[in-house]
Amino acid sequence: MTPDELKALIRTIPDFPKTGIQFRDITTLLGHGPGFAATVEWLAGEVEGAEAVAGMEARGFIFGAAVAARLCLPFLPIRKPGKLPCAVIGVDYELEYGLDRLEMDPGAISPGQRVAIVDDLLATGGTALAATELLRLAGAQVERAAFVIDLPDLGGSGRLGSEAVDVRALMQFEGD
């Protein structure tokens, strides 16, 4: 399927979660078998050369784990606080509406391991930047991130680029 055909599978829900937001809903893409498979294949091609794939809770688990399985690579779950049963390292970060935290098992990474981040959507880049910081804190090299959707007007690609992360996106939607 072409990128335009895949983009047509994304449902836009106006005024969710608040007035003025155009929510890009991936559940319609996930519910289309050939579209989901084509998306995973595209993402996998963009992160080839990585030694592991990381995805942030929750939608990053869907795409990241599928890409890792496709490439026969380890999947590294980047979790919300209190979800892992082992000793963790964490990073606090700011969202447009408050603070949040990401955590991971530091033993899941070998020093210098090349890890690619995969997620569904890149907006302001806050979560992806926090995941990059966390993975690097654990000893990983993070040089590539692949997203299904980029909202370029919100500046996330530029913010990740300023941290030496090469950003790839299957599709873009203007606005927020």
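Only the coordinates and a few stated rules stand behind these numbers; no lab work does. Remember, it's a predicted structure, so these values are computed and weren't measured experimentally. A quick note on method: Cβ atoms are made from the backbone with ideal geometry, for glycine too, and the neighbour counts reach across all protein chains shown.
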Considering only Pro77, Pro111, Pro152, give the residue with the highest GNM mean-square fluctuation for the chain, with springs between Cα atoms whenever their separation is below 10 Å. Pro111
Sequence neighbours fewer than 8 away in the same chain don't count; with that in mind, list the lysines whose C-alpha is under 28 Å from Lys7. Lys18
In whole angstrom, note down how far apart the Cα centers of the stretch 88-141 and the stretch 1-32 are. 25
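Sort out the exposed loop trypsin sites (Lys or Arg not before Pro) in the chain (DSSP loop, at most 13 other Cβ within 10 Å) and tell me the longest stretch that has none.
Excluding the exposed sites themselves, the longest stretch runs over 84-176.
Restricting to Cα pairs below 8 Å that are 6+ residues apart, what does the relative contact order work out to for the chain? Please round to a whole percent. Can you show the working numbers first?
Details: 355 pairs, mean separation 32.8, N = 176.
So the answer I get is 19 percent.
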Measuring from the longest principal axis of the C-alpha atoms of the chain, the long axis of helix 126-137 (C-alpha) lies at a number of degrees, nearest 10, equal to 20
Two pseudo-spin positions, 7 Å from Cα along C-beta at Arg11 and at Ala37, lie apart in nanometres by 2.3
To the nearest 10 degrees, how steep is helix 59-71 against the longest Cα principal axis of the chain, on a 0 to 90 scale? 70
Distance-filtered residues of the stretch 66-81 - backbone nitrogen under 15 Å, label point 7 angstrom along Met1 Cα→Cβ: none
Go through (1) 40, 40, 31; (2) 40, 36, 31; (3) 47, 37, 37 and flag the label whose value is the computed Cα extents along the principal axes in Å for this structure. (2)
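Loop only per DSSP, at most 13 neighbouring Cβ atoms within 10 Å: give me the GluC sites (Glu not before Pro) in the stretch 8-88, ordered by residue number. Spell out each step's value before the answer.
Numbers: sites: Glu41, Glu46, Glu48, Glu51, Glu57; in loops: Glu48, Glu51, Glu57.
Loop-located and lightly packed - Glu48.
Taking 0.36 nm per residue of separation and subtracting the Cα-Cα distance, what length does fully extending Leu99 through Leu84 add? Walk me through the numbers before you get to the answer.
Working: separation 15, 0.36 × 15 = 5.40 nm, distance 1.96 nm.
Separation in residues times 0.36 nm, less the Cα-Cα distance, equals 3.4 nm.
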With axes computed from alpha carbons, what is the tilt in degrees of helix 33-46 against the longest principal axis of the chain, rounded to the nearest 10 within 0 to 90? 50
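Express as a percent, rounded to the nearest 5, the fraction of DSSP beta bridges in the stretch 1-95 (both residues included) that run antiparallel. Write down the numbers at each step before the final one.
Values: 4 of 8 bridges.
Antiparallel bridges: around 50 percent, rounded to the nearest 5.
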